[in-house]
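S.K.: Got a structure for you, questions after.
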Amino acid sequence: MQVIETEIAAVKRVIPKRHGDDRGWFSEVYRADVLAERGIANAFVQDNQSFSAPSGTIRGLHFQVAPNAQSKLIRVLAGAILDVAVDLRSDSPTYGRHVAVRLNAEGGEQLFVPAGFAHGFCTLEANTMVAYKVDAYYSPTDDRNLRWNDPAIGIAWPVAEADAILSGKDKAAPLLADLGRVF
């Protein structure tokens, strides 16, 4: 299993090795000891899964604040996404910057997003299924979001704003400038 830093070092690409033969392939997609050796020692406590029927569905940008801030390990089970993490750590030199990585079921790559980041994705294919581990339980009182299309962040989403499919909550999310200090 490879763990590779992105342009924001705290966000990491996780690439499990696949062992293939004429039947298909096998892969260890999560192994705590190997990930800990490579700097991801989180104790994940909950698995989440989402299904998005149409391409162009955006989920995010979501995060939880302390005491239930979450780190996430994201992978795609079917389809493909553009996965995005935005640095919300106030004292970070990369505050307000983002990482965007294409993940798909075929490649099997994962993205580790630590606490202190907002996370979201856009489906690139119809019938996309995403699974992710989190290291803190869902807490409605600590749940927050950030505007997906905030011009101050400048994410190059692969869908036109008019065509993006979002929840009401995500459409009404605050801008980074209005968020205040959250981490």
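The values are calculated or read from the model by the stated rules, or taken from the named source; none is laboratory data. Predicted model, so just to flag it, every value in this text is computed and none were measured. Glycine gets a Cβ as well: all are built from the backbone with ideal geometry, and neighbour counts include every protein chain shown. Only protein heavy atoms, including side chains, enter the accessible area calculation; ligands, DNA and RNA are left aside. Shrake-Rupley method; radii C 1.70, N 1.55, O 1.52, S 1.80 Å.
S.K.: Is at least one residue of the stretch 60-75 under 15 Å from D150 (Cα atoms), assigned to a strand (DSSP E or B), open to solvent by 20 Å² or more (accessible area, probe 1.4 Å) and touching a His at 6+ places or on another chain (Cβ under 7 Å)? Reasoning before the result, please.
M.R.: Kept after step one, since they are under 15 Å from D150 (Cα atoms), are these residues of the stretch 60-75: 60-62.
From what is left, the residues that are assigned to a strand (DSSP E or B) are 60-62.
Of the ones still in play, those that are also open to solvent by 20 Å² or more (accessible area, probe 1.4 Å) are 62.
Pick out the ones that are also touching a His at 6+ places or on another chain (Cβ under 7 Å) and you get 62.
Yes; the residues of the stretch 60-75 include at least one that is under 15 Å from D150 (Cα atoms), assigned to a strand (DSSP E or B), open to solvent by 20 Å² or more (accessible area, probe 1.4 Å) and touching a His at 6+ places or on another chain (Cβ under 7 Å).
S.K.: Let me ask another. Can you find, within the stretch 76-91, the residue that is farthest from V11 (Cα to Cα) among those that are without any contact (Cβ under 8 Å) to a residue 60 or more places away in the chain and in a loop (DSSP other than H, G, I, E, B)?
M.R.: The initial filter retains those residues of the stretch 76-91 that are without any contact (Cβ under 8 Å) to a residue 60 or more places away in the chain, namely 76-81, 83, 91.
Next, only the ones that are in a loop (DSSP other than H, G, I, E, B) stay: 79, 91.
Details: G79: 22, D91: 16 Å.
Among residues in the stretch 76-91 that are without any contact (Cβ under 8 Å) to a residue 60 or more places away in the chain and in a loop (DSSP other than H, G, I, E, B), the one farthest from V11 (Cα to Cα) is G79.
S.K.: Can I ask one more? So which of G20, G24 is modelled with pLDDT under 95 and open to solvent by 50 Å² or more (accessible area, probe 1.4 Å)? Reasoning before the result, please.
M.R.: Numbers: G24 fails: open to solvent by 50 Å² or more (accessible area, probe 1.4 Å).
Of the residues listed, the single one that is modelled with pLDDT under 95 and open to solvent by 50 Å² or more (accessible area, probe 1.4 Å) is G20.
S.K.: Another question about this same structure. Could you pull out the residue among G180, G120 that is more than 22 Å from L73 (Cβ to Cβ) and either modelled with pLDDT under 95 or under 16 Å from the mean Cα position of the chain (by Cα) (or both)?
M.R.: Numbers: G120 fails: more than 22 Å from L73 (Cβ to Cβ).
Testing whether each residue is more than 22 Å from L73 (Cβ to Cβ) and either modelled with pLDDT under 95 or under 16 Å from the mean Cα position of the chain (by Cα) (or both) leaves just G180.
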